[in-house]
1. Counting every Cα pair in segment B:6-128, what percent are over 26 Å apart?
2. Using only Cα atoms, locate the centre of segment A:295-355 and the centre of segment A:104-162, then give the distance between them in Å, rounded to an integer.
3. Using a 10 Å cut-off on Cβ atoms, rank the peptides A:344-357, A:216-229 from the highest mean neighbour count down.
4. How do A:156-169, A:183-196, A:376-389 rank on mean C-beta neighbours within 10 Å, highest first?
5. Starting from the 7 Å offset along Cα-to-Cβ, what nm value, one decimal, do you get for the label separation of A:Ile434 and A:Ser166?
6. Could you tell me the distance between the Cα centroids of segment B:9-44 and segment B:55-85, to the nearest Å?
7. Figure the gain on full extension for A:Glu159 and A:Ala406 (residue separation times 0.36 nm, minus the Cα-Cα span) and round it to one decimal in nm.
8. Just counting partner chain Cβ atoms within 10 Å, what average do the residues of peptide A:434-441 show around their Cβ?
Amino acid sequence: MTTEHDSGVKPLINESGIEVKTLYTPEDVDESGGIEMVGNPGEYPFTRGIHPEMYRKRPWTMRQYTGFANAKKTNERFKYLIANGQTGLNVAFDLPTQIGLDTDDPMSVGEIGRVGMAVDTLRDFEIAFDGIDLEEITVSLTINGAAAVLIAMYLAMAEKRGYDISKLRGTAQNDILKEFIGRGTWIFPVEPSVKLVCDTIEYCANHAPKYTPVSVCGYHIRESGADPAEEMAYAFCIAKAYTDGALERGLDIDEFAGRLSFNFNIYGNIFEQVAKFRAGRGLWARIMKEEYGAKNPRSMWLRMIAGGGGNGLYADQPEVNIMRGAYYALIGALAGAQTMALCCYDEAYTIPSEFAQRLSLRTMQLLAEESGLCDTVDPLAGSWYIETLTNQMRQRMEQIIAEVDAQGGIVKQVSEGAVQSRVSARAYDTQRKILSGEIRKVGVNCFQMEEEEEREPQYHPYDEAAAQKQIDATNAIKVDRDQAEVERALIQVKDDAKSGANVMPAIMEAVKAYATVGEITNKLTEAYGHYQEPIRF
Amino acid sequence: MKSNIRVLVAKPGLDGHDQGAKVVVRALMDAGFEVIYTGLRQSPEAVARIALEEDVDVIGLSSMAGSHMQFCTRLASLLEENKLTDKLWIIGGNIPKRDVAELKTIGLNGIFPTGTHFEEITNFINENVT
């Protein structure tokens, strides 16, 4: 490819390590691999979108990440957002719930309901989704370490309300491998953790085939420092690990691959981001078809929630984040995301206020309703720049996946802390460039304001009363429930975990008996042990 | 200025946001300090114990999810119990300005919110470890 350094223009490398030219022509598209992978939306290789009509048929689902205090307060916020036009739910759980601790655990002190809703038993799910039509509004559970338990709670709650589980839609994040790289809500060692994910895939394939048991996340790997190409490449490595595990159970690829979903991050360079999503769609379709022999086109779809993008937001001049969020949502729409969630402007320093949540929702609504983003599928296709960059991003992703495979695969690389080390080295490099001003951040390292001109930020308060109420309510349930049934169910969970059987049926019985998240997790821990974080720099 | 300054970087409580902690660990290592990084989910008791066992000069915490006040209050009494109050105690991360005065009363020596320049942290350590 021709370069223009001799013209005096400074060379430019994007975050994914690809050189960006001042001008693109058809020659660049040809040299980067041509238009073989472009195709049509709704057709293999799906680079242009997984559906032929995309947003003309249905705009992206708007699914803000929400949850705080207890189930009752979270239910109120859900209803507020639905009343304001939100079309899906994305549930935030507090940290004790996420790592399988009960509210009355000593480690839970000061953390109950702080960053999400507290859950101890099935009763909390009954309250949280009370009055919400689970066919109309699909629910995504942002839960990983304790996902097997919370998926069981969701299915049990829906069943109790009379829904047919075999037709129930919904999603659990349930991507534990990325928790070891970033986000950190792991519980068990790597291998049994992956085994648990495969248990949920197998269980759902057999009992809840419309339910999405895993949403593989590049998002948090990017938050931890990975570049956009690495974000998607590592996510594909992880998705391949779960796919391999499910195949080992004897499932056919087309029995479950269509229910795998993804979660990606949006912040940074607009064109690089759009190219990332287009490249990823083509690459994932090819992996599914060529490596795994999938026949059903659904199995080849890169279905995704795209979230914009916590690491792109700053506490300095936080109102600027409103504009950042608008561009992130624009990227998501230009890239053809099925579902979107926007980090709110105040999320750089607190969990979002109702006001900030509504603004994020309105941002997406104005793109969908007044700006023409839903009119035409993949509107940036055919741009010589976008098509070249899409080819280059895909090649970069393939290269990263090949490197991981050559070094023993993602499970080994995560167990040894190798991926974590690479990602944090990248974060350090980026932060040094931000601090030096080489990477410009508006309001952060350029166009700053005097502190006194800034408005006092509003922080979400810790709700001690709600925390105590939660402890009391769970204690009352423990008195009411059939203790013998709970004991029986918990012993079964432990026995199945020890024998290597699929633990989901036993967990289903335990949650129906109102066993707590902590009680069930403890039984699993007795069989699996605790994860020890590899410290490696 | 002391040579071979040993710095503990700990992730208190249940918060899993460790990008910042790890970035600071790398910056401190590059600045020549000996760094002990705890990994996630440290209780106040664990932080005090590791500080004692590793004979560190600096106790650093990285908090992103808002539970720093409770944690530091509990850690302060443990530092006193274990005669660790002569150590330099610092915190970084998502720390609201309104909490700064109270954290200093509890015993924190330095508070470094997100976006702090690495030199500010390393200079502070070099100037205050005796």
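Taken together, the values in this text are just the output of simple stated rules run on the coordinates, not laboratory data. No experiment lies behind these values; they were computed from the predicted model shown. For neighbour counting, all protein chains shown are included, and Cβ atoms are generated from backbone atoms with ideal geometry for every residue, glycine included.
1. Working: 593 of 7503 pairs.
More than 26 Å apart: 8 percent of the Cα pairs in segment B:6-128.
2. Going from one Cα centre to the other spans 23 Å.
3. Most protected by this proxy first, the peptides run A:216-229, A:344-357.
4. Averaged packing, sorted descending, gives the order A:183-196, A:376-389, A:156-169.
5. 5.0
6. For segment B:9-44 versus segment B:55-85, the Cα centre distance is 13 Å.
7. Residue separation times 0.36 nm, minus the Cα-Cα distance, leaves 84.4 nm.
8. 1
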